[in-house]
Amino acid sequence: MDLGWTAGAATLVRVAIAAAVLLIPGIIALRGRWELVRRSWATIVAYGAFAVAGAQLFYFMAVQHLPVSVALLIEYLAPVVVVLFMWLRHGHRPTRLTLGGAGIAFAGLVLLLDVLGGGEISIVGILWALGAMVGASVYFILSGDDSNGLPPLTLAAGGMLSALAILSIAALAGVLPVTFATGTVEFVPFAVPWWAVVLVLGIVTASVSYVAGIAANRRLGSRLGSFVALTEVLAAALFAWFLLGQVPGPMQIGGALLVVAGVVVVKAR
C-alpha cells in the first residue's frame, strides 16, 4: 500500500492468484466426484461470497469510516456469533467455560487492538464492520461442516473462484477502488520487489491459509476453531513488529496473553 496499491487491488490480485493455484489441486481432490460440486454449489458460492469476498470487502469499506482497531474488534466478534449459531441451530449449548473463555479473549482483543485509545465512531462504518463479522462467521461455520463431502482443496478453490467473480464485478462497478503500482517494497529487515510480495499474498496468505483453515475447522469444530483463529491477531502483531517495526506496547502484550488464555479456557470446556 505504501507503493500506491489500494486494499481492493491487493485483495483482488491475492484472490486471483489463490484461485489459479488451487484450481487444479481442487479438481484432482474431487477424484471425479463432480456430483459433490453439483450438490454443494450453493455452499461453494456462499463460501466465496461471504467467507472470502464479503469478509474482506466489507472490512475494507469499514476502515474507510472507522479506526482499524474498532473495525477489527467488531469483525472478531465472529466467535460469539458462531457459538450462538451452534446453540440455536444444533442445540450445542455453550458451557460456562466457553462463555468465560469468550469473555477473556474479548478483553484481550480490546487491549491488543488498542481500542481504548479512542477514535471517532461512524454508524455506516459499524454496519460495514458487522458485515465483515457475518462473513467471518460464515467462514468458520462452512469450514467446519464436512457433511457435504467436499475436500478442503475443492471448497477453497471453488470459494476463490466465486470470490474472484464477485470482487471483479465490484471493481468494474466502482464499488471496490483498484489501483496498482510497481517498485520495491521496503520492510525493516529487507526489501523485496512488488511481485514477490504479491506472490506471497496469493500463495501463502490465501491458498495455504484457506485450505489449512478448512482442514483445521473440520477437526476442531466451528466453535473451537473460531476461538483458535483469534491468535491471528497475535500473529499479525508479531509480524508487524518484525517486518514493519510496529513495536507492541505493554497493554498489547497483555492483551495477546489474554487472547491465548481465552482460547485455552474454551478448549478446556
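The values are calculated or read from the model by the stated rules, or taken from the named source; none is laboratory data. Since the model is a prediction, treat every value here as computed from it, not as a measurement. So basically every Cβ, Gly included, is an ideal-geometry build from the backbone, and we count neighbours across all protein chains shown.
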Fill in the blank from the handout: Checking Leu57, Leu66, Leu22 in turn, the sole residue that is crowded, with 19+ Cβ neighbours inside 10 Å and under 13 Å from the mean Cα position of the chain (by Cα) turns out to be Leu57
Exercise for the section: Mind telling me which of the residues Gly174, Gly213 ends up being buried (at least 18 other Cβ atoms within 10 Å of the Cβ) and either at positive phi or not aromatic (Phe, Trp, Tyr) (or both)? Expected result: Gly213
Handout entry: Residues (closer than 15 Å to Ala163 by Cβ and either of a type outside the set (A, V, I, L, M, F, W, C) or crowded, with 21+ Cβ neighbours inside 10 Å (or both)) located in the stretch 1-12
Key = Gly8, Thr11, Leu12
Handout entry: Count - residues of the stretch 175-223 that are assigned to a helix (DSSP H, G or I), of a type in the set (Phe, Trp, Tyr) and over 30 Å from Thr43 (Cα atoms)
Key = 2
Fill in the blank from the handout: Conditions (1) farther than 22 Å from Tyr59 by Cα; (2) surrounded by 20 or more Cβ atoms within 10 Å (Cβ to Cβ); (3) among the hydrophobic types (A, V, I, L, M, F, W, C) -> Val185 fails only (2)
Problem - Filter pass, Thr11 being part of a helix (DSSP H, G or I), touching a Gly at 6+ places or on another chain (Cβ under 9 Å) and polar (S, T, N, Q) - result: no
Problem - Residues of the stretch 224-248 satisfying the condition of being of a type in the set (A, V, I, L, M) and either in a loop (DSSP other than H, G, I, E, B) or under 14 Å from the mean Cα position of the chain (by Cα) (or both) - result: Val228, Ala229, Leu230, Val233, Leu234, Ala235, Ala236, Val247
Handout entry: Residues located in the stretch 113-130, provided they are at pLDDT 75 or above and surrounded by fewer than 20 Cβ atoms within 10 Å (Cβ to Cβ)
Key = Ser122, Ile123, Val124, Ile126, Leu127, Leu130
Problem - Residue identified as at pLDDT 85 or above, more than 14 Å from Arg223 (Cα to Cα) and in a helix (DSSP H, G or I) among Val110, Val134 - result: Val134
Completion exercise
All conditions in (1) surrounded by 14 or more Cβ atoms within 10 Å (Cβ to Cβ); (2) without any contact (Cβ under 8 Å) to a residue 12 or more places away in the chain are true of Leu36 except (2)
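Each row is one residue, and each column tells you yes or no for (1) buried (at least 21 other Cβ atoms within 10 Å of the Cβ); (2) more than 26 Å from Gly101 (Cβ to Cβ); (3) in contact with a Leu (Cβ under 8 Å, 6 or more places away or on another chain); (4) among the β-branched types (Val, Ile, Thr).
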site	(1), (2), (3), (4)
Leu199	no, yes, no, no
Gly202	yes, yes, no, no
Ser209	no, no, no, no
Gly225	yes, no, no, no
Glu232	no, no, no, no
Gln246	no, yes, no, no
Gln252	no, no, yes, no
Exercise for the section: Have a look at Ala196, Ala236 and point out the one that is out of contact with any His (no Cβ under 7 Å at 6 or more places or on another chain), of a type in the set (A, V, I, L, M) and over 24 Å from Leu23 (Cα atoms). Expected result: Ala236
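This table checks each residue for (1) among the polar types (S, T, N, Q); (2) over 29 Å from Ala49 (Cβ atoms).
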| position | (1), (2) |
| --- | --- |
| Ala170 | no, no |
| Gly174 | no, no |
| Pro177 | no, no |
| Phe180 | no, no |
| Thr184 | yes, yes |
| Phe187 | no, yes |
| Val192 | no, yes |
| Val200 | no, no |
| Val204 | no, no |
